[in-house]
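The values are calculated or read from the model by the stated rules, or taken from the named source; none is laboratory data. Every value quoted in this text rests on a predicted model; they were computed, and no experiment measured them. Using ideal geometry, Cβ is built from the backbone for each residue, glycine included, and neighbour counts are taken over all protein chains shown.
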Amino acid sequence: MTLLFLVACTSGASDSPAADSAASAGPTDSADSGVGDTADAADTADTGPFTPPEWCPAPDAGRQEVLDTPASPYFITHPEAVDAPLVIFLPGGPGDRGSASNTWTAFFDEDPRGFRLVVPYVTEKGYPTDVVPPVEAILEEVLTCFGGDASHVHLAGHSNGGYLAYNVVGPDLADRFVTITGAPAYFRDFNASDFTGLAFHNSAGELDPDWLGAMQEAQDDLTAAGFDTQLTVWPDTGHTPGPGWTGRDAMFAFWEDHPARE
């Protein structure tokens, strides 16, 4: 087991897993909708310039909000390299636009560090873990419209988003990802066969005991099952990172250390 304990940072609000996710609510499977009549995802082996279909939005500098496409809405940032690794990060709370924006600010601080970052959000009303962004459709749309390498994709989530990553999206689409990061998350019913070939990064705040306990339990289950797994504890931090949070370094380092499935 690998345990990282980071230098002190500012604490955030703390919630319990039961209050935030209500695992017994029985979240629905992630949507399997397509992205219309799209071209295949970018083939980064091609020597020519990347040319997206005409229906795709033009990339903007900084954090871009994509609307009115088949798989939208979502926030995205564009690194210089077309084939940069991709991270899909599911927001906490109700998973709406405000949650996605807050998640982006808390975890990325507008610094993509060479990654293509995507934070989707939902517009439907419902219990947070019952309304799931169409992750597979978003993945295909991003690769089609903005480029990337389909073998270098990571999944992550915060709180309710972490729950979806570990229990809904992750098991449904395990073969599409290199790693899954819970920040924090927990397993409703851990089944090792659902995640063959994946590496896990379990993380939570020192001042968030319920979720930290859930992450420690997940770490133990994954270690016992032989997974490549890491546990990071955020010192002096509650449920959500605040200003000065240093856990970002460990998060990006984990993705950098796992560029592709082994």
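Figures for the structure shown
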{"item": "Criterion: hydrophobic (A, V, I, L, M, F, W, C) and crowded, with 24+ Cβ neighbours inside 10 Å - qualifying residue of Ala71, Ala81", "result": "Ala71"}
{"item": "Conditions (1) within 26 Å of Glu54 (Cα to Cα); (2) out of contact with any strand residue (DSSP E or B) (no Cβ under 9 Å at 6 or more places or on another chain); (3) outside any loop (DSSP other than H, G, I, E, B); number of the one not met by Val118", "result": "(2)"}
{"item": "Test: residue in the range 131-149 that is of a type in the set (Gly, Ala, Ser) and in contact with a Phe, Trp or Tyr (Cβ under 9 Å, 6 or more places away or on another chain)", "result": "yes"}
{"item": "Condition check for Asn202: touching a residue at least 24 places away in the same chain (Cβ under 8 Å), under 20 Å from Arg261 (Cβ atoms) and not charged (D, E, K, R)", "result": "yes"}
{"item": "Residue identified as surrounded by fewer than 24 Cβ atoms within 10 Å (Cβ to Cβ) and assigned to a loop (DSSP other than H, G, I, E, B) among Asp236, Asp175", "result": "Asp236"}
{"item": "Residue list for the range 104-158, filter: crowded, with 22+ Cβ neighbours inside 10 Å, among the small types (Gly, Ala, Ser) and at negative phi", "result": "Ala137, Ala156, Gly157"}
{"item": "Among residues of the range 132-156, those that are closer than 25 Å to Asp249 by Cα, in contact with a strand residue (DSSP E or B) (Cβ under 7 Å, 6 or more places away or on another chain) and at pLDDT below 95, counted", "result": "1"}
{"item": "Output for the range 61-111, where each listed residue is free of Cβ contacts under 8 Å to residues at least 60 places away in the same chain, assigned to a loop (DSSP other than H, G, I, E, B) and of a type in the set (A, V, I, L, M)", "result": "Ala61, Leu67, Ala81"}
{"item": "Residues of the range 81-126 satisfying the condition of being at pLDDT below 90 and either over 21 Å from His258 (Cβ atoms) or within 15 Å of the chain's Cα centre (by Cα) (or both)", "result": "Asp109, Glu110, Pro112, Glu124, Lys125, Gly126"}
{"item": "Some residue of the range 231-247 being closer than 24 Å to Ile88 by Cβ, in contact (Cβ under 8 Å) with a residue 12 or more places away in the chain and charged (D, E, K, R)", "result": "no"}
{"item": "Search result, residues across the range 221-233 that are surrounded by 22 or more Cβ atoms within 10 Å (Cβ to Cβ), touching a helix residue (DSSP H, G or I) at 6+ places or on another chain (Cβ under 7 Å) and not β-branched (Val, Ile, Thr)", "result": "Gln230, Leu231"}
{"item": "Filter result for the condition that a residue is assigned to a loop (DSSP other than H, G, I, E, B) and either touching a His at 6+ places or on another chain (Cβ under 7 Å) or surrounded by 22 or more Cβ atoms within 10 Å (Cβ to Cβ) (or both), over Ala218, Ala260, Ala214, Ala165", "result": "Ala260"}
{"item": "Criterion violated by Thr129 - all others in (1) modelled with pLDDT of 90 or more; (2) touching a helix residue (DSSP H, G or I) at 6+ places or on another chain (Cβ under 7 Å); (3) outside any strand (DSSP E or B) satisfied", "result": "(1)"}
